[in-house]
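The values are calculated or read from the model by the stated rules, or taken from the named source; none is laboratory data. Remember, it's a predicted structure, so these values are computed and weren't measured experimentally. Neighbour counts run over all protein chains shown; Cβ positions are idealised from the backbone, glycine included.
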Amino acid sequence: MGLLLLALVGLCLAHVSHGRIVFDPPEYTKDQGEDGWFTVTWSSIPKPVEGRDENDMMALYLTNGTALVDMNTNVPISFVHPYLLDPDAWKNGQGSFRFYLANYRSNVRAVYLRPPNWVPLADSHGQLLGTILDSSDPLVMTEDALNTPSNRVLSYTDDVGSMRVTWQVGPTSPSKPHSMPIIRYGTTKDSLNLTAKAYSSTYDASSMCLAPASSYGYHGPGTLNSGIMRGLAPNTR
């Protein structure tokens, strides 16, 4: 079953830990590159009450470092209903699902939620009232995965002998500044003897128009690099 996206939803929850939730594999490494498949498995979740708890959710949240998820300022990047995945496993407080995760350049936690009801808000969003029955240790984004180039794009310029290259890497910080990005190119992978300087930029929540993109729905893009390859010959790879 594919993952369902949750949009424009805030959470107000109390945290209780009973069961066990694990990721396989437990890290996001450069081998996954821009995206990868992971399995989350849970067990020993307090058994649900049929006719009441069919809206239980297994939700994925982005989290900084090893910090616990702040449910008042975060929304899940995705979720599933365990009851719909496997009703028999759900009745016994266990289950698993395999999900496709893009490189968000952030650690991820899986959280099992038992929401008793939805309370509509005046702005037509929803506030979910419920209990966190358990949360996983973070699926850790390793340093090499954090800076794996992703979202590579080639685009035309107004010069037929040039093309622009744009790509994304991890965020910079005073303690981890990036060096000047360089594009190396040529007619074979063993002869990348031409170079071009690239320039870095980024944006933050203040650049967004409205909530949730400008508030609890914002997630930083990392560093955006872009440069132009010049002197390209027609009909040449």
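Residue by residue, here is whether (1) closer than 25 Å to residue 154 by Cβ; (2) over 27 Å from the mean Cα position of the chain (by Cα) holds:
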position: 190; (1), (2): yes, yes
position: 197; (1), (2): yes, yes
position: 201; (1), (2): yes, no
position: 208; (1), (2): no, no
position: 215; (1), (2): no, no
position: 221; (1), (2): yes, no
position: 225; (1), (2): yes, no
position: 230; (1), (2): yes, yes
position: 233; (1), (2): yes, yes
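Within the set 147, 193, 151, the sole residue that is free of Cβ contacts under 8 Å to residues at least 40 places away in the same chain and within 19 Å of residue 220 (Cβ to Cβ) turns out to be 147.
Scanning the stretch 21-45 for residues that are surrounded by 13 or more Cβ atoms within 10 Å (Cβ to Cβ) and at pLDDT 90 or above yields 21, 22, 23, 25, 38, 40, 41, 42, 43, 44, 45.
Cβ separations smaller than 9 Å between residues 6+ apart or across chains give the following pairs from the stretch 196-209 residues that are aromatic (Phe, Trp, Tyr) to residues that are loosely packed, with under 10 Cβ neighbours inside 10 Å and in a loop (DSSP other than H, G, I, E, B): 199/180. Taking only the stretch 128-165 into account, find how many residues are under 20 Å from the mean Cα position of the chain (by Cα), assigned to a strand (DSSP E or B) and polar (S, T, N, Q). So the count comes out to 3. Only residues that are under 21 Å from residue 149 (Cβ atoms) and either touching an Asp or Glu at 6+ places or on another chain (Cβ under 9 Å) or part of a loop (DSSP other than H, G, I, E, B) (or both) were counted across the stretch 214-234, and they come to 7.
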